[in-house]
Amino acid sequence: MRPPAARPEQVDVLVAGGGLAGLRTAAALREAGLAGTVLLVGAEEGDPYDRTTLSTHLFTQEAPPLLSAGGLGDLDALGVPHRRAAVRSVRDLAGDDAAGDYTTGEDAAGSTPGTTPRPAVRTTTGPGAPAGARAEVTLDDGTVVRARVVVAATGARAVAAPWPGARTLRSAADATGLRAALAPGARLVVVGAGWIGAEVAGAAAAAGVRVTVVETADEPLGRAPRVLGRHVRGWFESAGVELLTGTGVSTVALTREAAGPADPAAASDAGPAEGPDAGPADPGERVVTLTDGREVRADVVLAALGAVPETDWLAGAAPLAPTGHVRVDALGRALDGPTWLWAVGDAAATVRPDGRTEPGAHWEGALHHPTALAAGVLGLDAPPPPASYVFSEMFGHDVAVLGDPTGPPTVERSDDAGITWLWTDDAGRLVGAATADHPRDVPPLRRALAGGGRPNLDAAVAADPSRRLRDAIARR
Ligand SMILES: Cc1cc2nc3c(=O)[nH]c(=O)nc-3n(C[C@H](O)[C@H](O)[C@H](O)COP(=O)(O)OP(=O)(O)OC[C@H]3O[C@@H](n4cnc5c(N)ncnc54)[C@H](O)[C@@H]3O)c2cc1C
């Protein structure tokens, strides 16, 4: 006789993804008073860590810092069990009779050795939320979990390159592999001069690696304001990094020795050969042929081509944007999707009241948006959204982009230390900013742009670096 099928586990909230957004979601739900059951399912080994240092500190840290060490949340202390598994699929239980067979009092923590069961408490997922599980999630270890709320915090993966042996950088394991492959004197070709490409180029050059960066756009940091890209260009040169703009990669081939010829005699023919089975760890020279016909030789090729949301597991259960993001409102609730689905961090794209869509791709969003999401899930008032803010560190310089800077800036504010550019709308109100080596301007800008703020800007005062920037910004 076959044993009866195991009863699905049941939780109030299932958080998919154990990165910054997942951890902060679990913490924010507890901080907002959720006493029910939360289960965090994360595909990565170990505790949640800070991804931003993987590039900037590639050669100066063995392992990235844990987020718990930075005071951002400790799953055990929060009473949130953390399961190492990947969410494979999710299905809507609407209309499924079995879904009513559900109590919120069972605590997932109780089934996990070493964690403290929390008291059975009926919790709320917002006014009028129906009782009972609404979604069924299947993990790659075969476990099935039912939940009233599913939070997609599965982040993004690096865009894979179609070239044999090319590496990408997204995880701690990627960083370990890249570091091991880059001894001083090694030749690195970075494809893409975006944030991560520029950060790695600077860190590698400082560690004695010979770096070439290939970028199809005519300036680095293509998604940032053009003035900033033009400004950082000089940093590549000062660091001894060769920056080739306006050209792309056509092919990457391993030399025959590296690809492992079937006939050893053929090894003497050192012409390049496509190595479809070659992996990043294959030693040997890569021949990178550019779209303009030039060739660059490399020991390591890093594809820094951007990231795509890790949302394949939602296929069929929720509509996704063409980019793969879950489109959400300001609270993180999925738009046009099932009511149990919420999303946050790099997996989500927030649709603003003015219709603009802001894809998650940066640390500050993953850090702060979970607070609004927790309030939304619990039916509480949400705090005003923070200003959109991207920071970076490259070539020993620091950079920030805030708000919505588009087109040419209105004001430039520079001194010996660095530059701040400011953007205003037609009414002279501040809408965005970028800074290079002007960290002191960042806090007043963040305050000014928080909550969708557009304060009036006194352009004459703002352009005078001897005056405080905050004196140029009208108080609200
Ligand atoms: C090298 C690097 C440098 C960066 N530097 C900066 C910077 O300087 N400034 C800045 O603002 N931002 C930076 N970022 C971006 C920032 O780190 C991200 O915005 C942030 O990590 C997003 O957090 P997240 O939790 O949404 O996603 P992630 O950090 O990607 O976490 C998602 C987690 O979900 C897991 N997961 C994926 N699929 C599944 C599944 N099906 N089931 C279960 N778990 C799953 C993943 O393994 C991962 O652990 C950088 C990113 C990288 C990669």
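Only the coordinates and a few stated rules stand behind these numbers; no lab work does. Please read all numbers here as calculations on a predicted model, not as lab measurements. No Cβ is skipped: glycine too gets one built from the backbone with ideal geometry, and neighbour counts run over all protein chains shown.
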(message) Could you order the peptides 467-475, 339-347, 42-50 from most to least packed, using the average number of other C-beta atoms within 10 Å per residue?
(response) 339-347, 42-50, 467-475
(request) Starting from the Cα of residue 315, step 7 Å toward the Cβ, then list every residue of segment 155-198 with an amide N under 20 Å from that point. (result) 155-162
(request) Could you sort 382-388, 296-302 so that the peptide with the highest average Cβ count within 10 Å comes first and the rest follow in order? (result) 296-302, 382-388
(request) Set the Förster distance to 30 Å, then compute FRET efficiency between residue 380 and residue 173 from the Cβ-Cβ distance, nearest 0.05. (result) 0.20
(request) Could you tell me what percent of the DSSP beta bridges with both partners in segment 313-388 are antiparallel, to the nearest 5? (result) 60 percent
(request) Rank 452, 466, 400 by how far each Cα sits towards the positive end of the charge dipole of segment 396-472 (+1 on Lys, Arg Cβ; -1 on Asp, Glu Cβ) and give me just the farthest. (result) 452
(request) Please check which bits of segment 438-476 a label hung off residue 415 would reach, taking the label as a point 7 Å along Cα-to-C-beta and the cut-off as backbone N under 19 Å. (result) 438-446, 458-473
(request) Give the Debye-formula value of log10 I(q)/I(0) at each listed q (0.23 Å⁻¹), with one equal scatterer per alpha carbon of segment 396-472, two decimals each. (result) -1.05
(message) What whole-number distance in Å separates the alpha-carbon centres of segment 8-25 and segment 164-188?
(response) 31 Å
(message) Could you work out how much longer the chain between residue 308 and residue 7 gets when fully extended? Use 0.36 nm per residue separation minus the Cα distance between them, nm to one decimal.
(response) 104.9 nm
(message) Between residue 160 and residue 323, what is 0.36 nm times their sequence separation minus the Cα-Cα distance? Round to one decimal in nm.
(response) 57.2 nm
(request) Taking H placed 1.01 Å from N in the peptide plane, check which residues at least 5 places from residue 209 or on another chain put their amide H under 5 Å from its amide H. (result) 185
(request) Using a Förster distance of 41 angstrom, determine the FRET efficiency expected from the C-beta separation of residue 429 and residue 237, and round it to 0.05. (result) 0.65
(request) Could you order peptides 172-180, 10-18, 214-222 by the average number of other Cβ atoms within 10 Å of their residues, highest first? (result) 10-18, 214-222, 172-180
(request) Please report how far the C-alpha centroid of segment 62-95 lies from that of segment 320-398, rounded to the nearest whole angstrom. (result) 18 Å
